[in-house]
Amino acid sequence: MFSILIAAITPADRRLLGNLVAPLEEIFSIPVSVGLKHPLDASFSFNVSRNQFSSTMIISELLEMYEDFDGRVLGVTSGDLFVPVLTYVFGEAQLEGKAAVVSYHRLREEFYGLQPNEGLLEVRLLKEAIHELGHTFGLLHCNNYLCVMHSSTVVEEIDLKTDKLCSECRAKFRGSR
């Protein structure tokens, strides 16, 4: 049965992964589960000079690990992610592909020198998870700044958008299934 699998990538807080299950099931209307395999050790993707993890390398490894899985795989980590042309990314996904990865490293208030806020962290992580999974279903970045598919290059843009697809993106999503 087609579903979404959430895969832990060390280091990751499994409680945060579990909190994504019900909201993602509601948004995408398909079963979501947290993977039972051991967490993926992302050390292979660590770039010493950047002090970050390569999101592209992690996606490649997820594809290999879950090649027989029928559905989408969302890797979740607290490691700081990058792609070569950007200073950092909150996540990356294969457009119309099988795998995506998100990081909550820069979604935590502590990263910005503020007091921890678990509720805000969970909301931000959910938005980024929906966003990256949306790409796997063929959705592109949206011009509507309230749509979850709007591109976010700073955490304040994540806070501005909702955790919902706008009517145009919702229609495209329904058409992609």
**OP:** Name the most mobile residue of G134, G91, G71, meaning the one with the largest mean-square fluctuation, in a Gaussian network model of the chain with Cα contacts below 10 Å.
**Re:** G71
Subject >> Lysine pairs with alpha-carbon atoms under 19 Å apart, the chain, spacing 8 or more or separate chains >> reply: 8
Original post:
When the helix-only estimate is applied to the chain (DSSP H runs of n ≥ 4, each -39,500 (n - 2.57), divided by the residue count), what is the mean residue ellipticity at 222 nm, nearest 500 deg cm²/dmol?
Top reply: -9500 deg cm²/dmol
Original post:
How large is ³J(HN,Hα) for each residue in region 75-87, as worked out from phi by the Karplus curve 6.51 cos²θ - 1.76 cosθ + 1.60 (θ = phi - 60°), to whole Hz, x for Gly and Pro?
Top reply: x, 10, 9, 9, x, 6, 9, 8, 10, x, 8, 10, 5
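Can you give me the relative contact order of the chain as a percent, contacts being Cα pairs under 8 Å and 6 or more apart? Could the numbers behind the result be given before it?
Numbers: 324 pairs, mean separation 32.0, N = 177.
Contact order relative to length: 18 percent.
Could you compute the FRET efficiency for V34 and L95, with r as their C-beta to C-beta distance and R0 at 22 Å, rounded to 0.05?
Working: r = 24 Å, r/R0 = 1.11.
E between V34 and L95, to the nearest 0.05, is 0.35.
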Subject >> Distance cut-off 26 Å, percentage of C-alpha pairs in the chain lying past it >> reply: 22
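Only sites in a loop by DSSP and with at most 14 other Cβ atoms within 10 Å count here; which GluC sites (Glu not before Pro) in region 1-102 make the cut? Mind dumping the intermediate values first?
On the way: sites: E25, E26, E61, E64, E67, E92, E96; in loops: E67, E96.
Passing both the DSSP loop test and the Cβ count: E67, E96.
Using +1 on the beta carbon of Lys and Arg, -1 on that of Asp and Glu, and nothing else charged, what's the dipole of the chain about the Cα centre, debye to 20?
Values: 16 positive and 23 negative charges, 63 e Å.
The calculation lands at about 300 debye.
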Original post:
Ranked from highest to lowest mean number of other Cβ atoms within 10 Å per residue, what is the order of the peptides 116-123, 141-148?
Top reply: 141-148, 116-123
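Values in this text are rule-based calculations from the coordinates and carry no lab data. What you see is a predicted model, and the numbers here were worked out from it, not measured in a lab. Here Cβ is always computed from backbone atoms with ideal geometry, including for glycine, and neighbour counts include all displayed protein chains.
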